Amino acid sequence: MKFFELKILTAFKGYKSKDYVSDVVAGIIVAIIALPLSIALAIASGARPETGLFTAIIAGLVTSLLGGSRVNITGPTAAFASIVAGIILTQGMDGLLLATVMAGILLVIMGLLRVGSLIKYIPHTITVGFTSGIAVTLVIGQLKDFLGLTYPSGVAAIETTEKFSLVIEHISTFNPWAFAVGMLGLAILVVWPKISKKIPGSLIAVLIGSLVCLIPLINTNTIGSLYTISSSLPTFSFPEITWSKIITLLPSAFTIALLAGIESLLSCVVSDKMIGDKHSSNTELIALGIGNMLVGCFGGIPATGAIARTAANVKNGGKSPLSGIVHALVLLLVLVILMPLASYVPMPIIAAILFVVAYNMSEWREFVAIIKKKKWNDILVLVLTFALTVIFDLVKAIAVGLVIHYTITLIKLIIERRRAKAKA
């Protein structure tokens, strides 16, 4: 495998007209899937709704043009929601943009140093642990909107434990209308896939939920009641840089880069198995880094390879980077023409969509399977990584998990060698 391989230069060998149609159709379907998710994930991150589309458009286009995978779809993902929300609360949107640019630079450096091939050495127990932990933090972060709770002005929380405490403290403000709308959204999201695989349930939930909330009797927050929606194109604005900001934001930038790299390359591995191809990991990291640098300069939020959207791309006929390019261009048209309609989307529907996203990413089956194997070292690493992700943050979780995993591995190796010498 070459160190640097642009898939767009090789993916069209033997390409036929029917492949072109297949890629265009897949790109349109993935864009329909990405539309409500991008908006929901931006809101979950504490950013403006349109920033999710900025991210999917810019990062999706760049990684399709410059990436090392034929079918990987890049955009905002649930993995970043709590991290981004914390940065915005403490450093503001300007701080997030600078952290995103810095993360992009780190990703490019990782690609140039061929770190892509090393990410595979992160143990499966650690990836399952922090992925499950992120899913829990996402659910807890959405309880407020799903239950229709009201917090006093200026009250906000960064840590997941703080968010859960606020939910308990203000449960008396429970809004039954919001809860009913959220449950309606959940029901649609669960049932709809049994009716149609082509049209995403999230889109149906958004449409029906928005229509229901037009009834005057139903009182619940919508995107429009909390945010001013804009359909303007993103404009270039390089975030202000000072040494103090760089030093302050470096841990956050490292977290974003590490998580983006891991999730994107995992997505590539999944798609490789589906299409019988082999991605160029270092090329993908460099493209992802360039994408995040541009996203940070155009007002977006961090991006990475989205496993669910990538799988949907392949299942609907995506064969080349063209499908990713079409996905980005369709979202651009939506931003310019239809974005104002997002103001009617109820917040409980957004919460319901994110609940389902959290469930799908939680890897609870893998979590249970590891527990059932009853290997105490794997269980220890899994549970610790999970708990530290929920209680503290991802970097601490991965660092502690790696130290414990490889310490136990080293001790086992020493014991085995001593036993072997004793037998000899």
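The values are calculated or read from the model by the stated rules, or taken from the named source; none is laboratory data. Small disclaimer: the values here were computed from a predicted structure and weren't measured. Every residue, glycine as well, gets a Cβ built from its backbone with ideal geometry; the counts of neighbours run over all protein chains shown. Note: accessible area is taken over every heavy atom of the protein model, side chains too, but ligands, DNA and RNA are not part of it. Shrake-Rupley method; radii C 1.70, N 1.55, O 1.52, S 1.80 Å.
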Residue list for the range 375-395, filter: assigned to a helix (DSSP H, G or I), within 17 Å of the chain's Cα centre (by Cα) and not β-branched (Val, Ile, Thr): LEU394
Residue that is surrounded by fewer than 21 Cβ atoms within 10 Å (Cβ to Cβ) and either at positive phi or not small (Gly, Ala, Ser) (or both), where the choices are ILE256, ILE223, ILE241, ILE262: ILE241
Evaluation of SER38 against (1) open to solvent by 10 Å² or more (accessible area, probe 1.4 Å); (2) part of a helix (DSSP H, G or I) (one fails), failing number: (1)
Residues that are outside any loop (DSSP other than H, G, I, E, B), open to solvent by 20 Å² or more (accessible area, probe 1.4 Å) and closer than 21 Å to LEU112 by Cα, drawn from the range 1-31: ILE8, LEU9
Residue check for THR77: under 29 Å from SER271 (Cβ atoms) and within 18 Å of the chain's Cα centre (by Cα): yes
Looking only at the range 308-324, and only at residues there that are surrounded by 23 or more Cβ atoms within 10 Å (Cβ to Cβ) and out of contact with any Asp or Glu (no Cβ under 7 Å at 6 or more places or on another chain), the one that is nearest to SER38 (Cα to Cα): ARG309
Residue that is most open to solvent (accessible area, probe 1.4 Å), among those in the range 64-87 that are farther than 24 Å from VAL390 by Cα and not in a helix (DSSP H, G or I): ARG70
Residue match in the range 41-63 (condition: without any contact (Cβ under 8 Å) to a residue 40 or more places away in the chain and either part of a helix (DSSP H, G or I) or within 28 Å of SER343 (Cα to Cα) (or both)): no
Matching residues in the range 388-408 - criterion: being open to solvent by less than 70 Å² (accessible area, probe 1.4 Å), over 30 Å from ALA157 (Cβ atoms) and without any contact (Cβ under 8 Å) to a residue 24 or more places away in the chain: THR407
Answer from THR100, THR90 - the residue that is touching a Pro at 6+ places or on another chain (Cβ under 8 Å), in a helix (DSSP H, G or I), within 14 Å of SER45 (Cα to Cα) and hydroxyl-bearing (Ser, Thr, Tyr): THR100
Residue within the range 370-387 that is touching a residue at least 40 places away in the same chain (Cβ under 8 Å) and farther than 11 Å from THR125 by Cβ present: yes
Only listed residue being open to solvent by 10 Å² or more (accessible area, probe 1.4 Å) and either touching a strand residue (DSSP E or B) at 6+ places or on another chain (Cβ under 8 Å) or modelled with pLDDT of 95 or more (or both), chosen from LEU118, LEU106: LEU106
Total residues in the range 339-377, condition under 28 Å from ASP145 (Cα atoms), open to solvent by less than 80 Å² (accessible area, probe 1.4 Å) and among the polar types (S, T, N, Q): 2
Residue check for ALA135: touching a helix residue (DSSP H, G or I) at 6+ places or on another chain (Cβ under 7 Å), surrounded by 12 or more Cβ atoms within 10 Å (Cβ to Cβ) and assigned to a loop (DSSP other than H, G, I, E, B): no
